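The values are calculated or read from the model by the stated rules, or taken from the named source; none is laboratory data. Remember, predicted model here, so these are calculated numbers, not experimental data. All Cβ positions, glycine included, derive from the backbone under ideal geometry; neighbour counts span all protein chains shown. With ligands, DNA and RNA removed, areas are computed over all heavy atoms of the protein, side chains included. Shrake-Rupley method; radii C 1.70, N 1.55, O 1.52, S 1.80 Å.
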Amino acid sequence: MKYNSQRVAWWFFATCMLLFSLQIIYGFIMAFAHVGLDGLHPWIPFNAARATHTNLLVVWLLAGFMGAAYFIIPEESQRELEWPRLAYVQLAALVIVGVTAIIGFHLNWWEGRKFLEIPRPLDFLVVIDVLLFIANIGMTLWKSERKTTTALVLFFGLLMAALLYLPGMIPTANQTMDSYWRWWVVHLWVEGVWELIMGAILSYLLIKLTGVDREIIEKWLYVIVGLTFLSGILGTGHHYYFIGTPRYWLMIGGTFSALEPLAFLGMAWYGISMAKRGGRAHPNRTALSWTVGCSVLSFVGAGFLGFAHTIPQVNLWTHGTLITAMHGHMAFWGAYGMIVLAVISYTLPLLTGRRLYDAPSATFAFWASNIGMISMTLAFAVAGVTQVVLERRVGMEFLQVQTEIQVHFWGLILAASLFTLGITAFIWNFIQHGKPVGELDTSRDAVEPAVASAPVVAAPSGAE
Amino acid sequence: MLSKSAARTFFLVGTGLCATAFILLTLDTISRVPKQSHEENLTPAVHRGKDLWDSNNCMGCHTLLGEGAYYAPELTRVYDRRGPEFISAMLRDPAAMYPGQRQMTKYGFNEAQIADLVAFFQWIGNIDLNGFPPSPVLASSAAPPIAGAAGGPPDDGRPRVFGQICVACHTVAGRGGNVGPVLDGVGDRRDAAYLNRWLHDPGAVKRGALMPKLPLTEAQIAELITYLSTLRARQVTP
Ligand code: HEM
Ligand code: HEM
Ligand SMILES: [Fe+2]
């Protein structure tokens, strides 16, 4: 840590840990409801549990991105944050809005559109809050002499994410158009601008952790985000097959979305090859595992499993079944959950001055959560395929099919328990690090190895 | 080798072209959707129904147009599949239509609100969805498809109302729900008089009967009795 104001990142990351834990609890509530244990129904009906589960996910990921930006932007632009106090106010506001929304869900107060359940008045507060955040990092960047590609891509990703929240508020009485605009938010976020954010954080971590030359890493960053938009914008069409929009979307959406995995393949290749080239010089191996793991699992979850149901002839059968839930879990985890945990793993020792990346809890957290999530994906996959065959192809009644696939939800619960153990270990490790008391690191080498501009650096760290 | 500025140009040009194409296609879509979704039938009742749908987050359990949650039935074609009486009864008291099953929230809607939701489902059911939901292709090899699900008139002599309401709870020839008993062979077990009383009010025939009193017309009951009497053991409809 080189700048005092970077410290605020810790508070964002602590918020992440808290909201993530709550998200998991709500996941279990839904999984138990699926096997018939819905005793909580009078207080937490399924739709409340679900809205809470997915909104907490989005809020903790956004908090993670913001924390990452508050750490990365000062470092890249080599100056303190423009308004450090504002960052704390903005975090508090985000938490208050989030908590209000979640209490509202339990009282049947919402907008009732998947992923955009937050009631309208709160939507405006979210936008204002995010704009304050953008202003803060934007000014920091603007006033700096040094505007790196990584910082710019991160900034524009976050700015576009804020702006793309707006189409979700266009009023319409027509369900088809409602759905049309909803995807401008949901799809253009996860398969568009969030990939910019992910790519930028990935590139920052690779520069820091591998010591490969910045010019090379940032060049490939452009190629990857170029591929993202080339396929992802028109790829939105893969949600316009069966909602009452013209038929040409089947061809356009099918073709372009089939190319989307290329961007993720790029990320996977990027992570692996840069890590190899850099000879893994950095002592924080845990952070490198999360970084490379993220680049690989994002390809599996988003690229491979997304491709599996994006062709119109397949999507006709799988549209709106548990197959989508299978893909949603692995994609969100691999791409966005893991990038946030990667950035936390990298920054925590710098923020707190403690180096616990070799602790057994850190290694266990990585393996247990990833094996757990892969198994959860398999459980959803088996349930989903069975559902498609029995309900869509054979024509059995919905509830009868649900009884047939109940056993796979027990499998899901088992796998989710392993996942939860891993996350518990991660949070334990986080708590062990303590609060951000780290000294300002003016000598620049206490934890990080000196990174020269030569393409490959194998400077052994003094820390070990 | 590719230079960094070439990579940046690739990014900027690619993004610009695709974004432009996307916006043009969006304008075209906006101009075509009213026809494809039959916006001329989008009455104020449908609009109110949509507001109820949204403000209660029904999508947090159900899917509609294939979007939503995977906990409760897909409702795009529910108007066709179940008919207005069943849907209304369901919204008055979900537990009455599916006793002891996975729970739906009991909302306490008034009759006007129920009518709005039914109008909403009817409107949704008429949107041209490019072939979604598909009819089950493997169904014919096993047994006749559920009448309502296929949309057209049933071909094995079962009345339309049977395919809409009764199959939700009863199985015939291996097809249907499992809330009530299997009805194959009911023609042997019960005579027309019994069926007549039963269908008018199950509670009057058997105290604490688990089947709800359904909103059936006299004509529908007559039709149903004729059909149920044909369901004999050992000659299950193929
Ligand atoms: C990190 C990136 C991604 C994330 C986080 C993600 C997440 C999701 C989520 C949560 C849904 C359900 C959305 C809803 O119903 O509201 C969804 C749907 C879908 N995704 Fe992705 N996705 C990603 C990338 C991809 C890619 C690259 C592809 C294609 C190659 C893809 C193909 C699809 C398709 C076809 C659907 C629609 C499923 C249906 O018809 O029900 N996704 N995705
Ligand atoms: C660890 C315990 C977890 C359990 C038991 C769990 C379970 C579930 C269940 C049962 C659903 C609802 C499916 C339905 O509508 O019927 C769901 C939805 C969802 N969960 Fe989880 N989940 C867990 C963790 C996670 C994590 C860690 C993530 C993200 C990284 C996540 C992301 C999602 C998403 C995106 C959806 C919406 C999927 C869609 O609409 O297609 N969940 N989860
Ligand atoms: Fe998408």
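Here are some notes:
- Of the residues screened, residue A:129 is one that is away from chain B (no Cβ under 14 Å) and without any contact (Cβ under 8 Å) to a residue 60 or more places away in the chain.
- Those residues of segment A:16-36 which are more than 9 Å from ligand 2 (Cβ to nearest atom) and modelled with pLDDT of 95 or more, in sequence order: A:16, A:17, A:18, A:19, A:21, A:22, A:35
- Segment B:48-72, subset more than 7 Å from chain A (Cβ to nearest Cβ) and small (Gly, Ala, Ser), residue farthest from ligand 3 (Cβ to nearest atom): B:49
- Given (1) touching a strand residue (DSSP E or B) at 6+ places or on another chain (Cβ under 8 Å); (2) away from chain B (no Cβ under 13 Å), number of the condition residue A:179 does not satisfy: (2)
Here's the yes/no breakdown for (1) within 27 Å of residue A:239 (Cβ to Cβ); (2) at pLDDT below 95:
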position	(1), (2)
B:113	no, no
B:117	yes, no
B:128	yes, no
B:142	no, yes
B:158	no, yes
B:165	no, yes
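- Whenever a residue of segment A:47-69 is within 14 Å of chain B (Cβ to nearest Cβ), its partners that are of a type in the set (Ser, Thr, Tyr) and open to solvent by 10 Å² or more (accessible area, probe 1.4 Å), lying with C-beta atoms within less than 6 angstrom and at least six residues away or across chains, give the pairs A:49/A:26; A:52/A:26; A:53/A:26.
- Candidates A:274, A:251: the one that is over 18 Å from the mean Cα position of the chain (by Cα), buried (at least 24 other Cβ atoms within 10 Å of the Cβ) and farther than 28 Å from residue A:376 by Cβ is A:274.
- Every condition in (1) modelled with pLDDT under 95; (2) within 8 Å of chain B (Cβ to nearest Cβ); (3) out of contact with any Ser or Thr (no Cβ under 7 Å at 6 or more places or on another chain) is met by residue A:218 except one, and the failing one is (3).
- Those residues of segment A:97-148 which are among the acidic types (Asp, Glu), part of a helix (DSSP H, G or I) and surrounded by 20 or more Cβ atoms within 10 Å (Cβ to Cβ), in sequence order: A:129
- Sole exception among (1) open to solvent by 30 Å² or more (accessible area, probe 1.4 Å); (2) at pLDDT 95 or above for residue A:458, by number: (2)
- Within segment B:2-47, considering residues that are among the hydrophobic types (A, V, I, L, M, F, W, C) and more than 9 Å from chain A (Cβ to nearest Cβ), the one least open to solvent (accessible area, probe 1.4 Å): B:45
- The lone criterion from (1) within 23 Å of residue A:284 (Cα to Cα); (2) within 16 Å of ligand 3 (Cβ to nearest atom); (3) surrounded by fewer than 24 Cβ atoms within 10 Å (Cβ to Cβ) left unmet by residue A:186 is number (1).
- Taking helices (runs of 4 or more DSSP H) as the structural unit, those lying wholly within segment A:268-331 and holding at least 1 residues that are more than 14 Å from chain B (Cβ to nearest Cβ) and either within 11 Å of ligand 1 (Cβ to nearest atom) or over 29 Å from residue A:247 (Cα atoms) (or both) correspond to A:285-298, A:322-331.
- Residue count for segment A:413-439, restricted to those that are within 12 Å of ligand 2 (Cβ to nearest atom) and aromatic (Phe, Trp, Tyr): 2
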